[in-house]
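Q: After the structure tokens below, expect a handful of questions from me.
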Amino acid sequence: MMQNQEYNQEVVNLHTHSFYCGHGSGTIEEYVQAASEHGLALLGMSEHCPVPDGRWHRSRMDYSQIEAYEHDCQMAKETAPEGLAVITGYECDYLPEYQGYYREVAERVDYLIGAIHDLSTDLNNEHSVFWHQLSKKDLATYTDMYCDMLSSGLFLFGAHPDLFGYYYHHWDTEAEACSRAIIECAVANNVALEINANGMRKRKVQLDEGWRHPYPLSPFWEIASKYPLQVVTHSDAHKPSLVNEGYEACANIAIENNLQLCSYRVEREQSGNVQISLI
Ligand SMILES: [Zn+2]
Ligand SMILES: [Zn+2]
């Protein structure tokens, strides 16, 4: 027996962070409450995924908290109010050496989001895209890592592909070439890219031509409009009250660029297992 349900982007948020990551707040239960109050029909929890060697520990839960997090999500699934489905996921920073590990995680949870926040491959030397101005070489590194992530086949969608805009403050031929490479890779691998609302909540960036959000980057999504790209949008909430915040502004970016926001198909097996796909 299989139960299928389809959801429009309007009533979905799959990108959420709780107290578990250390820089977010709210319990899973509080998210369920908030999602229900905001009229969402499908809520996904996507805490930053810890890795066994402790890399990126400053911005995520301890590896030992995995069980508690997944347990809380399971409880939320079972007790969510009528009309709201809850699914369990992680946002994963991709490096090739974690491919096997993420594959195991993927078997326990309902979906994984792929992201790149750190340009270093050295375990003891983080180079976060939030810390310093990015050089052209950094931008190329980001693009290579992001495309590797998209090609891994592990992820439902790529989070904030234009995150480099946070500290790459020029729109030049490199920015254009990298954006194109990411978009073409997403299309070739049939992975959706995310218009992320969290960038609109961050401090604006001052350029010669004025102020802009660190991301989403308008020129990135203008380039995307020329491709048959699958697009999703999520709040990337770091507290329950933001569970659906920014939806309209992000949906407008899609509309302005003739990008079609995906819908979601959730198939529920009798065993309780859930398969989610984009349509
Ligand atoms: Zn976060
Ligand atoms: Zn996130």
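The values are calculated or read from the model by the stated rules, or taken from the named source; none is laboratory data. Since the model is a prediction, treat every value here as computed from it, not as a measurement. Don't worry about glycine lacking a Cβ; one is built from the backbone with ideal geometry, like all the others, and counts go over all protein chains shown. SASA here: full protein model, heavy atoms, side chains in, ligands and nucleic acids out. Shrake-Rupley method; radii C 1.70, N 1.55, O 1.52, S 1.80 Å.
Q: Quick one: count up the residues across region 225-248 that are part of a helix (DSSP H, G or I) and open to solvent by less than 40 Å² (accessible area, probe 1.4 Å).
A: Step one: filter region 225-248 for residues part of a helix (DSSP H, G or I), giving 240-242, 247-248.
In the following step, the residues that additionally are open to solvent by less than 40 Å² (accessible area, probe 1.4 Å) were identified as 240, 242.
Matching residues across region 225-248 total 2.
Q: Could you grab me the full set of residues in region 173-186 that are open to solvent by less than 50 Å² (accessible area, probe 1.4 Å) and more than 17 Å from His117 (Cβ to Cβ)? Steps first, answer last, please.
A: Initially, region 173-186 is screened for residues open to solvent by less than 50 Å² (accessible area, probe 1.4 Å), giving 175, 178-179, 181-183, 185-186.
Within region 173-186, Ala175, Ser179, Ala181, Ile183, Cys185, Ala186 meet the criteria.
Q: Something else now. Quick check: is even one residue across region 42-58 at pLDDT 95 or above, in a helix (DSSP H, G or I), within 16 Å of ligand 1 (Cβ to nearest atom) and out of contact with any Asp or Glu (no Cβ under 6 Å at 6 or more places or on another chain)?
A: No - not one qualifying residue is present in region 42-58.
Q: A further question on this structure: If you check Thr88 against the conditions, is it open to solvent by 30 Å² or more (accessible area, probe 1.4 Å), under 30 Å from Gly165 (Cα atoms) and not in a helix (DSSP H, G or I)? Let's see the steps before the verdict.
A: Details: open to solvent by 30 Å² or more (accessible area, probe 1.4 Å): no; under 30 Å from Gly165 (Cα atoms): yes; not in a helix (DSSP H, G or I): yes.
No: the conditions fail for Thr88.
Q: So, one more: Just checking, does region 112-128 include any residue being in contact (Cβ under 8 Å) with a residue 60 or more places away in the chain, in contact with a Ser or Thr (Cβ under 6 Å, 6 or more places away or on another chain) and buried (at least 23 other Cβ atoms within 10 Å of the Cβ)?
A: yes
Q: Residue by residue through region 154-167, note down the ones that are open to solvent by 10 Å² or more (accessible area, probe 1.4 Å) and in a loop (DSSP other than H, G, I, E, B). Please lay out each step first, then the result.
A: Quick first cut of region 154-167, residues open to solvent by 10 Å² or more (accessible area, probe 1.4 Å) only: 154-156, 166-167.
The answer is Leu154, Phe155, Leu156, Tyr167.
Q: Now for a different question. Counting just the residues of region 142-153 that are open to solvent by less than 20 Å² (accessible area, probe 1.4 Å) and hydrophobic (A, V, I, L, M, F, W, C), which one comes out nearest to ligand 2 (Cβ to nearest atom)? Full working, then the answer.
A: Taking region 142-153 first, the residues open to solvent by less than 20 Å² (accessible area, probe 1.4 Å) are 142-143, 146, 149-150, 152.
Retained after the next criterion (residues that are hydrophobic (A, V, I, L, M, F, W, C)): 149-150.
Details: Met149: 14, Leu150: 17 Å.
Looking at the filtered set, the residue picked out is Met149.
Q: Looking at the structure I just gave you, is Ser46 of a type outside the set (A, V, I, L, M, F, W, C) and surrounded by fewer than 20 Cβ atoms within 10 Å (Cβ to Cβ)? If you could, list the steps in order and put the result at the bottom.
A: Working: of a type outside the set (A, V, I, L, M, F, W, C): yes; surrounded by fewer than 20 Cβ atoms within 10 Å (Cβ to Cβ): no.
Taking the combined requirement at face value, the residue does not satisfy it.
Q: Of all residues in region 197-253, count the ones that are within 18 Å of the chain's Cα centre (by Cα), of a type in the set (D, E, K, R) and more than 15 Å from ligand 2 (Cβ to nearest atom).
A: Adding up the residues that qualify gives 1.
Q: If His57 satisfies every condition in (1) in contact with a helix residue (DSSP H, G or I) (Cβ under 9 Å, 6 or more places away or on another chain); (2) open to solvent by less than 90 Å² (accessible area, probe 1.4 Å) but one, which is the exception?
A: His57 satisfies all of (1) in contact with a helix residue (DSSP H, G or I) (Cβ under 9 Å, 6 or more places away or on another chain); (2) open to solvent by less than 90 Å² (accessible area, probe 1.4 Å) except (2).
Q: Looking at (1) assigned to a helix (DSSP H, G or I); (2) more than 16 Å from ligand 2 (Cβ to nearest atom); (3) within 21 Å of Asn273 (Cβ to Cβ); (4) touching a helix residue (DSSP H, G or I) at 6+ places or on another chain (Cβ under 6 Å), which is the only condition Ala106 fails?
A: Result: Ala106 passes all but (4).
Q: Let me ask something else about it. Criterion first (open to solvent by 70 Å² or more (accessible area, probe 1.4 Å), within 16 Å of ligand 1 (Cβ to nearest atom) and not in a strand (DSSP E or B)) does Glu222 satisfy it?
A: On the way: open to solvent by 70 Å² or more (accessible area, probe 1.4 Å): yes; within 16 Å of ligand 1 (Cβ to nearest atom): no; not in a strand (DSSP E or B): yes.
No.
Q: So, of the residues in region 12-33 that are open to solvent by less than 10 Å² (accessible area, probe 1.4 Å) and part of a helix (DSSP H, G or I), which turns out to be farthest from Thr79 (Cα to Cα)?
A: Of region 12-33, the ones open to solvent by less than 10 Å² (accessible area, probe 1.4 Å) are 12-18, 21, 28, 31.
Cutting the leftovers down to part of a helix (DSSP H, G or I) gives us 21, 28, 31.
Numbers: Cys21: 23, Ile28: 11, Tyr31: 13 Å.
Applying the filter and picking the extreme gives Cys21.
Q: Within 19 Å of the chain's Cα centre (by Cα) and surrounded by 20 or more Cβ atoms within 10 Å (Cβ to Cβ), is that true of Leu134? Even if it seems obvious, please write down each step before you answer.
A: Values: within 19 Å of the chain's Cα centre (by Cα): no; surrounded by 20 or more Cβ atoms within 10 Å (Cβ to Cβ): yes.
No.
Q: For residues in region 249-262 being of a type in the set (A, V, I, L, M, F, W, C) and assigned to a helix (DSSP H, G or I), which is surrounded by the most Cβ atoms within 10 Å (Cβ to Cβ)?
A: Applying the first criterion (of a type in the set (A, V, I, L, M, F, W, C)) to region 249-262 yields 249-251, 253-255, 259, 261-262.
After this cut, where a residue has to be assigned to a helix (DSSP H, G or I) as well, the list is 249-251, 253-255.
Details: Ala249: 14, Cys250: 25, Ala251: 18, Ile253: 21, Ala254: 20, Ile255: 12.
Within region 249-262, the match that is surrounded by the most Cβ atoms within 10 Å (Cβ to Cβ) is Cys250.
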